[in-house]
Amino acid sequence: MMPVPGSEYLRVLDACLDRASEGLRTVEDLLRFVCNDTAGRARVRSVRQRLWESVNGLSPGRLLAARESSSDVGRASPQEVEAGSTRQVFRRNLHRAQESLRTIEEILRGFDPKAAARIAELRFECYDVEKEYYATAARIDKRRLLEFSLYVVTGREQSKGRDDSEVVRRAIEGGAGAIQFRAKEPDAGELLRTAKELRTITADAGVTFIVNDHVDVALASGADGVHLGQEDLPVQEARKIAGPDLIIGLSIHSLEQAVEGEASGADYVNVGPVFATQTKAHGGPPVGPELITRVKARVGIPITCMGGINGDNVEQVVKAGADRVAVVSAVVGADDIALAAGDLVERVRRARAKRARSEDCRTGE
């Protein structure tokens, strides 16, 4: 039995043990139910179990006797409402555990140095867990940001004189789930100002925001991601600059480029141009809907497709396997942007339902 701390220290130990255990349990459940990471869940569970084993010399009865929840001055403290992405909840609760473990360690130093040393080991293991599994949580968040049907890319040449803000607001009104800001201005300051304005609009609407080409502008504007072409900065180099949180999309024109893009760390690939298009950024011979089918069969990351897609042919690309489509002219160049976006969203929905029925028939379900 370890020496018994005074009641005031027992209160601190009781609170910190519960707080550390609660934080670890939250992380354990995230890894289990959200990330489907068996190894990560087992590791965090082991840390939580060893926490209690490390202090088994403390009498549970004494800890409970020292507890004064009803009169705790911290009980009435206002609780800040924080963002709840997977990676934020993951980090917040690991930090909660780490900080509590540090307090436990410091108090135990004066009563049981060996127990304090065991707690220190657990604290450092929590640091390792944070580093090792943060990327897993970030991948879950990025996958969620890529759950949409319509991806609208801005284009001032097609927008009939309407500014980017108006185009984006109308596209979102019609149901666009993602916006890519693409512009040709050589003025980096203007690019950043517009990107920040569009980030505000998309954030308020809960819509994914991607910046074309410019990793620096994406990071400075708080965008969700950056989209790169085959002639832009390689994905691996962009990742070194952007870190694990930023979505990185890559335009591909062949199956080989898609496989290479996934291996290099792209979060999604954009197949195109599917059909002939006048949009210069998507020049080159059309790859056809068939490439969508081939890419979907070979890569595990989400795919988008682009190039000449409109209401007349969108069913073809969905039938080929596309779950989300990207467009410029079909929405940005429409007289009624919101109406055009809404029409495409509905056509994608119907085409996906039709594809699902067809797949069920083939499998005999």
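Rule-based calculations on the coordinates, nothing more; no lab input. These figures come from a predicted structure and were not determined experimentally. Here the Cβ is made from the backbone with ideal geometry for all residues, glycine too, and neighbour counts use every protein chain on show.
Here segment 223-272 is assigned +1 on the Cβ of each Lys and Arg and -1 on the Cβ of each Asp and Glu. Its dipole about the Cα centre then comes out at about 80 debye. Distance between the 7 Å Cα→Cβ label points at D216 and D204: 2.9 nm.
Charging the Cβ of each Asp and Glu at -1 and of each Lys and Arg at +1, and nothing else, the dipole of the chain about its Cα centre rounds to 900 debye. Highest-first packing order for the peptide set 200-207, 171-178, 93-100, 32-39 is 171-178, 93-100, 200-207, 32-39, based on the mean count of other beta carbon atoms within 10 Å.
Computed from the C-beta positions of K240 and K131, the FRET efficiency with R₀ = 22 Å rounds to 0.85. Take every Cα pair under 8 Å whose residues are at least 6 apart in sequence, average their separation, divide by the length of the chain, and the relative contact order is 14 percent.
Distance from the alpha carbon centroid of segment 166-195 to that of segment 291-365 works out to 22 angstrom. The convex hull around the C-alpha trace of segment 146-363, projected and averaged over every direction, spans 11.3 square nanometres. Computed extension gain for S254 through R193, at 0.36 nm per residue and net of the alpha carbon distance, reaches 18.5 nm.
Modelled spin-label separation between S70 and L339, with each label point placed 7 Å from Cα along the Cα-to-Cβ direction: 6.7 nm. Strictly over 31 Å apart at the Cα level, which of K142/K319; K240/K319; K160/K354; K184/K240; K196/K296 would you flag in this model? Among K142/K319; K240/K319; K160/K354; K184/K240; K196/K296, the Cα-Cα distance tops 31 Å for K240/K319; K160/K354; K196/K296. Fully extending the segment from R350 to D29 would add 112.0 nm, taking 0.36 nm per residue of separation and subtracting the current Cα-Cα distance. Over the chain, DSSP H runs of length four or greater, each weighted -39,500 (n - 2.57), average out per residue to a 222 nm ellipticity of -18000 deg cm²/dmol. Set against the labelled values (1) 50, 22, 19; (2) 41, 27, 21; (3) 30, 28, 18, semi-axes √(5λ) of the Cα gyration tensor in Å computed from this structure falls on (1). Note on E157 and R91: the model spin-label points, each 7 Å out from Cα along the C-beta direction, lie 3.9 nm apart. About its Cα centre, segment 104-143 has a charge dipole of approximately 180 debye under the convention of +1 per Lys or Arg Cβ and -1 per Asp or Glu Cβ, with nothing else charged. With R₀ set to 22 Å, the beta-carbon distance separating Q49 from D18 gives a calculated FRET efficiency near 0.90.
Our estimate of slack between R143 and D360, defined as 0.36 nm per intervening residue step minus the Cα-Cα distance, is 75.6 nm.
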